[in-house]
Amino acid sequence: MTEIDLWLVPLLMALLVGVLCPVTGTLLVTQRRVLQANLISHAVLPGVAVAVAFGLDPAIGGVLSGLLGSLLAERLQRGQSAGQEAVINTVLAGFLGLGVLLIPLLNLRLDLEGLLFGDLLIVDWSDLTRVLVAAAAMGLLLLTRYRQLVFLGVDPEGAQASGLPVRSLQLMQALVTSMVIVSAMAAVGVILVIGLLCAPVLPGLRRVGSLRAAMVQSACMGLAVSAIGFLLAVPLNLPPGPLIGVVCMALLCLPRLKFAM
Amino acid sequence: MGSAPLVAESLSAAFDNRVVLQDVSLTLQPGTLTALVGANGAGKSTLLHLLQGQLSPTGGQVLCDGVPVQMCRDQVVLMPQRGRIDWSFPITVREFVDLGSVRSRSYGCCDRDAALQRVGLTALAGRRLDALSGGQQQRALLARALVQPSRVLLLDEPCAAIDPPSRAQLLQLMRQLADAGQTLLVSSHDWGSALDQYDRVIVLDGRVLADGSPDQIRHRLGDQLDPGAHCHD
């Protein structure tokens with residue numbers, strides 16, 4: 001790795017993740033599926049562990065595992081009208097626990113802290129490639145299914161009644177969400193990614209007139225959050241991932257502080 | 001507009017071993033405005049979903065144009081209850097109405113503009129959905145239903161949670177649609193004195209309790225009809 005790669009790749013990674021996560025998050029927030037995304041982000045761990053144990057790309061294992069966690073929770077939710085959130089959180093804890101247990105059981109040398117919180121400063125071109133693949137998948141989904149996703153968000157029952165393939169749409173979205181989360185894992189980790197998925201979406205959501213505009217504004221906001229987190233991390237000698245998480249929270253708090261003053 | 005009615009034959013429905021509908025039969029004639037009244041839990045929404053083909057009955061069948069409704073679902077449009085919609089979703093009225101044609105290939109902006117004009121929302125087309133009043137939101141929902149080239153419109157509680165002038169406006173719109181040949185079935189849990197506005201009233205409570213003209217229903221169930229707000233100001 002050249003000297004330029006040492007800072008250029010992490011910076012590019014921060015900016016790309018800063019755009020891609022909020023775009024994905026806009027879909028999740030407007031469809032009220034953030035909890036499902038949180039579940040996917042935690043459920044990737046067992047898949048990563050198993051993939052590493054078998055010498056496969058951890059991203060493939062992570063995506064499959066995240067999708068499996070989402071499908072399992074959905075299955076267990078049926079007939080649980082009152083306890084759906086409880087089911088999701090239980091499956092989340094189960095997959096996280098399984099992932100942590102598999103590391104010693106499979107005798108793996110995995111940096112658990114890196115998986116949970118990311119380490120932007122050691123990312124390489126392969127990490128960047130994963131983000132680009134996830135971005136391409138998200139772009140394809142939006143290009144081919146944008147109106148259907150809007151319908152699904154504003155009126156899920158109406159979308160079903162209109163004969164839209166709601167189940168396939170939700171599966172496609174869960175798959176792309178898994179890809180985005182796994183690709184962002186190297187930068188911000190599976191725990192902190194939820195901040196980048198949600199926080200940049202919220203400030204302008206009430207002002208925009210379309211899902212497309214909401215995605216553009218949240219992408220700009222995410223880009224700024226990631227750039228600030230990354231640029232602060234270097235002089236402060238702090239890990240960028242957690243710093244981006246803190247900036248995400250500040251993004252929500254600042255307007256309230258201004259209002260209070 | 002077409003001439004074939006929507007026919008329900010001995011419909012039954014049950015959820016979790018609880019019978020919701022039992023032996024419900026009805027025929028909707030073209031160009032009629034029919035009220036489907038009954039208390040909460042009487043099975044109105046279930047019946048509408050069965051008639052639209054979204055749910056399958058445990059017994060009986062629904063025929064549209066003489067064929068099972070599942071084969072011609074695009075001919076029967078269901079306007080859902082307002083509680084089913086996420087009104088805070090970032091979307092303009094124009095884009096919301098366009099969703100009614102999400103599966104149509106022959107749809108053009110003229111269809112949307114005509115639907116918006118029909119419900120009187122042309123001037124608000126660029127406004128966000130959550131910036132509208134309750135009555136305007138209901139009219140936007142109706143416009144979304146109207147852009148679909150259907151023969152039967154099923155409206156689930158269109159008059160719930162809106163003010164009396166908006167109700168009157170909505171009822172007037174429905175009357176105009178029926179007069180133009182559209183077949184409408186409108187559900188409400190209110191009984192109201194405005195039943196006269198309808199061509200026909202069906203009273204439901206798990207089964208059909210009464211079916212006839214407003215006068216016939218009033219004569220038959222007079223004592224049970226409380227003054228309400230069934231699309232009435």
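Considering only residues of segment A:123-133 that are part of a helix (DSSP H, G or I) and touching a helix residue (DSSP H, G or I) at 6+ places or on another chain (Cβ under 8 Å), which is most open to solvent (accessible area, probe 1.4 Å)?
As a first pass, look at segment A:123-133 and keep what is part of a helix (DSSP H, G or I): A:125-133.
Retained after the next criterion (residues that are touching a helix residue (DSSP H, G or I) at 6+ places or on another chain (Cβ under 8 Å)): A:125, A:127-128, A:130-133.
Numbers: A:Trp125: 120, A:Asp127: 25, A:Leu128: 8, A:Arg130: 67, A:Val131: 1, A:Leu132: 97, A:Val133: 81 Å².
Selected residue: A:Trp125.
Could you grab me the full set of residues in segment A:195-211 that are open to solvent by less than 10 Å² (accessible area, probe 1.4 Å) and within 13 Å of chain B (Cβ to nearest Cβ)?
Residues satisfying the conditions are A:Val201, A:Gly204, A:Leu211.
Suppose the filter is in contact (Cβ under 8 Å) with a residue 12 or more places away in the chain and either more than 10 Å from every other protein chain (Cβ to nearest Cβ) or open to solvent by 40 Å² or more (accessible area, probe 1.4 Å) (or both); does A:Ala174 pass it?
Against the criterion (in contact (Cβ under 8 Å) with a residue 12 or more places away in the chain and either more than 10 Å from every other protein chain (Cβ to nearest Cβ) or open to solvent by 40 Å² or more (accessible area, probe 1.4 Å) (or both)), A:Ala174 qualifies.
Return a yes/no flag: does segment B:2-10 have any residue that is open to solvent by 40 Å² or more (accessible area, probe 1.4 Å), at pLDDT below 90 and under 20 Å from A:Glu157 (Cα atoms).
Within segment B:2-10, not a single residue is open to solvent by 40 Å² or more (accessible area, probe 1.4 Å), at pLDDT below 90 and under 20 Å from A:Glu157 (Cα atoms).
Taking the condition out of contact with any Asp or Glu (no Cβ under 7 Å at 6 or more places or on another chain), within 17 Å of A:Val190 (Cα to Cα) and of a type in the set (A, V, I, L, M, F, W, C), does A:Val87 pass?
So A:Val87 does not fit the description; no.
Got at least one residue in segment A:148-160 being at pLDDT 90 or above, over 22 Å from A:Leu71 (Cβ atoms) and not in a helix (DSSP H, G or I)?
So far as segment A:148-160 goes, yes, one or more of its residues are at pLDDT 90 or above, over 22 Å from A:Leu71 (Cβ atoms) and not in a helix (DSSP H, G or I).
On the given criteria, is A:Arg32 at pLDDT below 95, under 30 Å from A:Val234 (Cα atoms) and not in a helix (DSSP H, G or I)?
no
When the residues of segment A:94-112 are narrowed to those that are in a helix (DSSP H, G or I) and free of Cβ contacts under 8 Å to residues at least 24 places away in the same chain, which ends up surrounded by the most Cβ atoms within 10 Å (Cβ to Cβ)?
Here the residue is A:Gly94.
Looking only at residues that are in contact with a Cys (Cβ under 9 Å, 6 or more places away or on another chain) and open to solvent by 40 Å² or more (accessible area, probe 1.4 Å) in segment A:1-52, which one is farthest from the other protein chains (Cβ to nearest Cβ)?
A:Val19
Look at B:Gly41 and say whether it is more than 24 Å from B:Leu177 (Cβ to Cβ) and not in a loop (DSSP other than H, G, I, E, B).
For B:Gly41, the condition - more than 24 Å from B:Leu177 (Cβ to Cβ) and not in a loop (DSSP other than H, G, I, E, B) - is not met.
With the checklist (1) out of contact with any His (no Cβ under 9 Å at 6 or more places or on another chain); (2) surrounded by fewer than 21 Cβ atoms within 10 Å (Cβ to Cβ); (3) not in a strand (DSSP E or B) in hand, flag the one item B:Ala14 doesn't pass.
B:Ala14 satisfies all of (1) out of contact with any His (no Cβ under 9 Å at 6 or more places or on another chain); (2) surrounded by fewer than 21 Cβ atoms within 10 Å (Cβ to Cβ); (3) not in a strand (DSSP E or B) except (3).
Note down all Cβ pairs under 6 Å where the first residue falls in segment B:166-185 and is of a type in the set (Val, Ile, Thr), the second is open to solvent by less than 20 Å² (accessible area, probe 1.4 Å), and they're at least six residues apart or on different chains.
Once the first residue is of a type in the set (Val, Ile, Thr) and sits in segment B:166-185, its partners that are open to solvent by less than 20 Å² (accessible area, probe 1.4 Å) give B:Thr183/B:Leu28; B:Thr183/B:Val152.
Conditions first: (1) touching a residue at least 40 places away in the same chain (Cβ under 8 Å); (2) out of contact with any Gly (no Cβ under 9 Å at 6 or more places or on another chain); (3) surrounded by 18 or more Cβ atoms within 10 Å (Cβ to Cβ); (4) within 14 Å of chain A (Cβ to nearest Cβ). B:Gly53 passes all but one, so which condition is the exception?
It fails just one condition, (1).
May I ask you to list the residues in segment A:82-96 that are under 19 Å from A:Gln170 (Cα atoms) and modelled with pLDDT under 90?
Across segment A:82-96, the qualifying residues are A:Gln84, A:Glu85.
Mind checking whether some residue in segment A:144-154 is within 14 Å of chain B (Cβ to nearest Cβ), without any contact (Cβ under 8 Å) to a residue 60 or more places away in the chain and surrounded by fewer than 18 Cβ atoms within 10 Å (Cβ to Cβ)?
There is at least one residue in segment A:144-154 that is within 14 Å of chain B (Cβ to nearest Cβ), without any contact (Cβ under 8 Å) to a residue 60 or more places away in the chain and surrounded by fewer than 18 Cβ atoms within 10 Å (Cβ to Cβ).
How many residues does segment B:17-50 hold that are closer than 13 Å to B:Val152 by Cα, open to solvent by 40 Å² or more (accessible area, probe 1.4 Å) and β-branched (Val, Ile, Thr)?
1
Residue under question is B:Ala39, and the condition is that it be farther than 17 Å from B:Ser10 by Cα, modelled with pLDDT of 90 or more and of a type in the set (A, V, I, L, M, F, W, C); does it hold? Even if it seems obvious, please write down each step before you answer.
Working: farther than 17 Å from B:Ser10 by Cα: yes; modelled with pLDDT of 90 or more: no; of a type in the set (A, V, I, L, M, F, W, C): yes.
When the stated conditions are applied, B:Ala39 does not pass them.
What number of residues within segment B:69-124 satisfy the criterion of being surrounded by fewer than 20 Cβ atoms within 10 Å (Cβ to Cβ), in a helix (DSSP H, G or I), out of contact with any strand residue (DSSP E or B) (no Cβ under 9 Å at 6 or more places or on another chain) and at the interface with chain A (Cβ under 8 Å from one of its Cβ atoms)?
Number satisfying all stated conditions: 1.
Looking at B:Ala160, B:Ala168, can you tell me which residue is small (Gly, Ala, Ser), farther than 28 Å from B:Gln54 by Cβ and modelled with pLDDT under 90?
Being small (Gly, Ala, Ser), farther than 28 Å from B:Gln54 by Cβ and modelled with pLDDT under 90 holds for just one of B:Ala160, B:Ala168, which is B:Ala168.
Kindly establish whether A:Val190 is assigned to a helix (DSSP H, G or I), surrounded by 20 or more Cβ atoms within 10 Å (Cβ to Cβ) and in contact with a Ser or Thr (Cβ under 7 Å, 6 or more places away or on another chain).
Considered against the rule, which asks whether it is assigned to a helix (DSSP H, G or I), surrounded by 20 or more Cβ atoms within 10 Å (Cβ to Cβ) and in contact with a Ser or Thr (Cβ under 7 Å, 6 or more places away or on another chain), A:Val190 comes out as yes.
The values are calculated or read from the model by the stated rules, or taken from the named source; none is laboratory data. The model shown is predicted, which means the values in this text are computed figures rather than measured ones. Neighbour counts run over all protein chains shown; Cβ positions are idealised from the backbone, glycine included. Heavy atoms of the whole protein, side chains included, go into the accessibility calculation; ligands, DNA and RNA do not. Shrake-Rupley method; radii C 1.70, N 1.55, O 1.52, S 1.80 Å.
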